[in-house]
Protein chains: 2
Amino acid sequence: MSNPVLVEVLRGGLIESRHRGAVAVVDADGATVFAVGDVAKRVFPRSAVKPLQALPLVESGAAERYALGDEELALACASHSGEPAHVEVVLRMLSKAGLDASALACGTHWPSSQAAAFALARAGGSPSALHNNCSGKHAGFLCVACAIGVDHPGYWRPEHAVQRGVRAVLEDLTGVALSDDCRAVDGCSVPTWAIPLANLARAFARFGSGHGLERERARAAALLRTACARKPWHVAGTGRFCTEIMRLLGPRALVKTGAEGVFCAALPQPGLGIAVKCDDGAGRAAEAITAALIARLLPLEDADRTILASFARPILRNWNGIEVGSLEVSEAIAAASLR
Amino acid sequence: MSNPVLVEVLRGGLIESRHRGAVAVVDADGATVFAVGDVAKRVFPRSAVKPLQALPLVESGAAERYALGDEELALACASHSGEPAHVEVVLRMLSKAGLDASALACGTHWPSSQAAAFALARAGGSPSALHNNCSGKHAGFLCVACAIGVDHPGYWRPEHAVQRGVRAVLEDLTGVALSDDCRAVDGCSVPTWAIPLANLARAFARFGSGHGLERERARAAALLRTACARKPWHVAGTGRFCTEIMRLLGPRALVKTGAEGVFCAALPQPGLGIAVKCDDGAGRAAEAITAALIARLLPLEDADRTILASFARPILRNWNGIEVGSLEVSEAIAAASLR
């Protein structure tokens, strides 16, 4: 069974490329509100579950012990662009736990922000693990290890207490047992667990509403949501989709990108979770689908709706700025609506 | 009708993403040797037809008049990485026609070579149109305009003599009439024409063998093929797929990438042309498919076959260098073979 085409890429009025995928919109009880494609299939959520992976940071008491504020909590949920202020916050988190950048095991890459990368190069610098888009999450893991009093080296391994805690949280929110045969290694070396798309959506419905969670877990989720809503720049970066959508919608939506065409979102007000997976791993399509879904599922004023629509139908321009095409979300997504 | 899955992206033994597409392998008479998916569908070849777009550079007499050597002819066929020696050759081409970088209408972007981009930034530089991956093709167009004595400004417009010449060449090689309703604007602003995949493959079979072409056109194709075989670095750049494959195979294969998951190749010896289009625009999949097809269609020694196999099954590593997965070309491609 093949998933339907969810996004068409047009050039000069003709279809140049097409992206298939699946979408699940689920409430906190696990009831499916809207589904397209195979939502029972397990997908690797990759970075899309960083907000869930950050729950132990609050629940363990580490956030309180190290007095982590909104910026730090947002960074723990982030796939950041490696801009200077991102790096500063990560360093601050590490420093509060008595560590430095040498403790990070996420690996090194240049800032994904082109401006930040070239500024670093111009200054004669080179990237470190701090610039890795996952360094905030890793700093959070390290804070947990220090707060609960376990050795921090190896914090990224599946058998380490930190990752066992993350696994338990994911099992609770998704309602899925995560066995070793659905575990793989993420880009930053921590485990990534293949989870059915509908259960990922359910996890975000619970994360967004607190419904079905124990009191402490619901409180931790609310704290992380609030941090991301207040500091959306720290969750991604300048000009990035997640940042712009959360800047627009504030506490009305938490959206988080993952590699290989995954997007997750929590809509606290209607109490819904969204999970998107493009079969081919295309982030451009997952973004457009997510924007289109939010526009269908949230009550919005016209101005907000217009801005969301521009994210749901990105215009493609060439190197001379000439409009050459667009991404068009399919009718299958247009059918999404609140019951 | 949906095209079949041609490449699976594995992570930890599970399928994370999948790429659908179509493949045509055609001889110079237009007979299909191997086909998967819808090969009658029109696709935008984008940069994959640069070697064909360069034919007027030779046929017009411009290459001879300006004494263009292998490096310059290879650059005219290139999607180059913007490395310093690429830029030098483009400047030399322009200079021979009495022009400079200001004549280029391809637009500006940073070198696609990360090393070249950061070196440029470290030196306090910023990119120009010379660094655009299409600047060699554009320099070739400008040489044609000057050689045939037409005004060069606007050389990128469909109605300009240069682009009318390119269109006629494409119609001859593909055997397809190119009407305005299948024209769009490419990333560098020149026209790109939607052409059935099988006809693109036929064009490369003719380009590679000379079969079915007028004498002068066949001679021009041979000159360009030889230039690319001798100077494969100039067709792409350091570490790039096209460069490495042509360095390995020399005159036995001309391979050329295009944006949005297109790949074309000419295999002069069996007299075949290959055209690949991934539905979703994925270049990673198009590369693996192309390598797998060449390995099936060319007689190869074991050492060459082993190297090709590594391009047909790329290993995915994360930021710590840990092997996290691989790309696997499907059985559908394994069926390709010479009759």
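Counting Cβ atoms of other protein chains within 10 Å of each residue's Cβ and taking the mean over peptide B:282-292 gives 1. Mind jotting down the distance between the C-alpha centroids of the range B:95-156 and the range A:48-67, whole Å? First find each Cα centre; the distance between them is then 50 Å. Residues of the range A:162-191 whose accessible area (probe 1.4 Å, heavy atoms of protein chains only) drops by at least 30 Å² once all protein chains are present, relative to their chain alone: A:VAL185, A:GLY187, A:SER189. Diffusion coefficient (Stokes-Einstein, Kirkwood radius over C-alpha pairs, 20 °C, 1.002 mPa s) for chain B: 107 µm²/s, rounded to a whole number.
Using a 1.4 Å probe on the protein chains only, how many percent of the accessible area of the range B:37-80 belongs to carbon and sulfur? Solvent-exposed carbon and sulfur of the range B:37-80 make up 43 percent of the total. Between B:ALA67 and B:ALA168, full extension at 0.36 nm per residue minus the direct alpha carbon distance yields a gain of 33.9 nm. Where a ≥ b ≥ c are the square roots of the eigenvalues of the C-alpha gyration tensor, would you call the range B:149-216 rounded, which needs a/c under 1.5, or, failing that, prolate if a/b is larger than b/c, or oblate? Judged from the Cα gyration tensor, the range B:149-216 comes out oblate (a/c at least 1.5, b/c at or above a/b). For chain A, the Cys residues with no second cysteine's beta carbon closer than 4.7 Å are A:CYS77, A:CYS143, A:CYS146, A:CYS182, A:CYS228, A:CYS242, A:CYS264, A:CYS278. Position A:SER95: other-copy label points at 5.1 nm, ordered by increasing distance, label point 7 Å along Cα→C-beta. Applying a DSSP loop filter and a limit of 13 other Cβ atoms within 10 Å to the GluC sites (Glu not before Pro) in the range B:160-255 leaves B:GLU214.
Here the range A:247-288 is treated as a sphere whose radius is the Kirkwood value from Cα pairs; by Stokes-Einstein at 25 °C and 0.890 mPa s it diffuses with a coefficient of 230 µm²/s.
Calculate how steeply helix B:302-312 sits against the longest principal axis of the alpha-carbon atoms of chain B, using the helix alpha-carbon long axis, and give the answer as 0 to 90 degrees to the nearest 10. Relative to chain B, helix B:302-312 is tipped by roughly 90 degrees. Ranking B:LEU57, B:GLY13, B:ALA76 by how far each Cα lies toward the positive end of the dipole of the range B:1-134 (charges on Cβ) leaves B:GLY13 at the top. Converting the Cα gyration tensor eigenvalues of the range B:185-339 into ellipsoid dimensions via √(5λ) gives semi-axes, longest first, of 26, 19, 16 Å. Here is how far apart the A:PRO251 label points are across copies: 7.4 nm, shortest first, using a point 7 Å from Cα toward Cβ. The C-alpha atoms of chain B define a longest principal axis, and helix B:135-148 lies at about 40 degrees to it. Decide, for the range A:255-320, between rounded, prolate and oblate: order the square roots of the alpha carbon gyration tensor eigenvalues as a ≥ b ≥ c, take rounded if a/c falls under 1.5, and otherwise choose prolate if a/b is larger than b/c, else oblate. The shape class here is oblate. When every Cα-Cα distance of the range A:1-150 is counted in 5 angstrom steps from zero, the calculated P(r) takes the values 2, 9, 14, 15, 12, 11, 12, 12, 8, 4, 1, 0, 0 percent.
In this label model, A:HIS211 and A:ARG157 are separated by 4.1 nm, measuring between points 7 Å along each Cα→Cβ vector. Label-point spacing for A:PRO299 across the identical copies (point 7 Å from Cα in the Cβ direction), in nm and ascending order: 7.6.
The residues of chain A expose, per residue, 35 Å² of accessible area to a 1.4 Å probe. Interface area, chains B and A: about 3900 Å² of buried accessible surface, summed, with a 1.4 Å probe and ligands, DNA and RNA left out.
Compared with the dominant principal axis of the Cα atoms in chain B, helix B:84-96 is inclined by about 40°. For the range B:183-222, the normalised intensity computed at q = 0.18, 0.30 Å⁻¹ comes to -0.64, -0.86 (log10 of I(q)/I(0), Debye sum over alpha carbons, equal scatterers, no solvent).
Convert each backbone phi in the range B:67-76 into a coupling constant with the Karplus relation 6.51 cos²θ - 1.76 cosθ + 1.60 (shift: θ = phi - 60°), then list the ³J(HN,Hα) values in order as whole Hz, x for Gly and Pro. 3J(HN,Hα) across the range B:67-76, in whole Hz: 6, 6, x, 4, 4, 5, 5, 5, 5, 5. Of the two radii for the protein assembly as shown, the radius of gyration is 1.00 times the Kirkwood radius, both from the alpha carbons; that is the Rg over Rh value. In sequence order, the range B:32-49 has phi-based couplings of 7, 8, 7, 8, 10, x, 7, 8, 8, 6, 6, 10, 7, x, 6, 6, 5, 9 Hz under the Karplus curve 6.51 cos²θ - 1.76 cosθ + 1.60, θ = phi - 60°, and Gly or Pro positions carry x.
The values are calculated or read from the model by the stated rules, or taken from the named source; none is laboratory data. All values reported here derive from a predicted model rather than from experimental measurement. FYI the Cβ positions are ideal-geometry reconstructions off the backbone, even for glycines, and counts take in every protein chain you see. The protein model used for the area step is the full one, side chains on, heavy atoms only, and it has no ligands, DNA or RNA in it. Shrake-Rupley method; radii C 1.70, N 1.55, O 1.52, S 1.80 Å.
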